[in-house]
1. Residues that are within 16 Å of the ligand (Cβ to nearest atom) and surrounded by fewer than 17 Cβ atoms within 10 Å (Cβ to Cβ): does the range 62-71 have at least one?
2. Might you let me know whether the range 10-17 holds any residue that is within 15 Å of residue 85 (Cβ to Cβ), surrounded by fewer than 17 Cβ atoms within 10 Å (Cβ to Cβ) and in contact (Cβ under 8 Å) with a residue 24 or more places away in the chain?
3. Residues that are over 18 Å from residue 109 (Cβ atoms): which strands (runs of 3 or more DSSP E) entirely in the range 1-99 hold 3 or more of them?
4. Could you check the range 74-104 and list, in sequence order, the residues that are away from the ligand (no atom under 16 Å from the Cβ) and modelled with pLDDT under 90?
5. Which residue out of 30, 55 is more than 14 Å from the chain's Cα centre (by Cα), more than 13 Å from the ligand (Cβ to nearest atom) and under 22 Å from residue 5 (Cβ atoms)?
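The values are calculated or read from the model by the stated rules, or taken from the named source; none is laboratory data. The structure displayed is predicted, hence computed values, not measured ones. Because the Cβ atoms are built from the backbone with ideal geometry, glycine has one as well, and the counts that use them run over all protein chains shown.
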Ligand SMILES: [Zn+2]
């Protein structure tokens with residue numbers, strides 16, 4: 001684990017009802033503005049961020065758990081910002097349901113580690 005680990009937030013958003021991104025930051029509002037500026041998507045839905053005590057560790061755990069449960073983890077070329085995103089997760093089915101039964105419980109789970 002990084003010595004620079006410390007408190008912060010895990011955040012999640014979904015683009016086009018399909019591509020989930022989960023990341024960490026020490027400043028949620030700054031990171032959200034950065035994403036929306038550098039990779040603007042008209043069909044992006046931000047979910048409520050989760051406060052964590054060790055953001056890097058929490059993110060690593062969350063990515064591991066997401067990878068075990070997701071359908072795919074593509075290296076996704078992004079038409080919005082013309083970069084290739086990593087750490088994008090794809091789930092089958094209704095995204096609102098995925099948030100309630102998979103993503104949100106997962107954030108709550110890693111937040112207490
Ligand atoms: Zn992008």
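1. Quick first cut of the range 62-71, residues within 16 Å of the ligand (Cβ to nearest atom) only: none.
Checked the range 62-71: no residue is within 16 Å of the ligand (Cβ to nearest atom) and surrounded by fewer than 17 Cβ atoms within 10 Å (Cβ to Cβ).
2. So the first thing to find is which residues in the range 10-17 are within 15 Å of residue 85 (Cβ to Cβ), and the list is 11-16.
Retained after the next criterion (residues that are surrounded by fewer than 17 Cβ atoms within 10 Å (Cβ to Cβ)): 16.
Narrowing the set further to residues that are in contact (Cβ under 8 Å) with a residue 24 or more places away in the chain leaves 16.
Yes, because at least one residue in the range 10-17 is within 15 Å of residue 85 (Cβ to Cβ), surrounded by fewer than 17 Cβ atoms within 10 Å (Cβ to Cβ) and in contact (Cβ under 8 Å) with a residue 24 or more places away in the chain.
3. Details: elements: 8-15, 19-25, 44-46, 50-52, 88-90.
Of the strands (runs of 3 or more DSSP E) lying wholly inside the range 1-99, those with at least 3 residues that are over 18 Å from residue 109 (Cβ atoms) span 8-15, 19-25, 44-46.
4. Quick first cut of the range 74-104, residues away from the ligand (no atom under 16 Å from the Cβ) only: 91-104.
Matches in the range 74-104: 91, 92, 93.
5. 30
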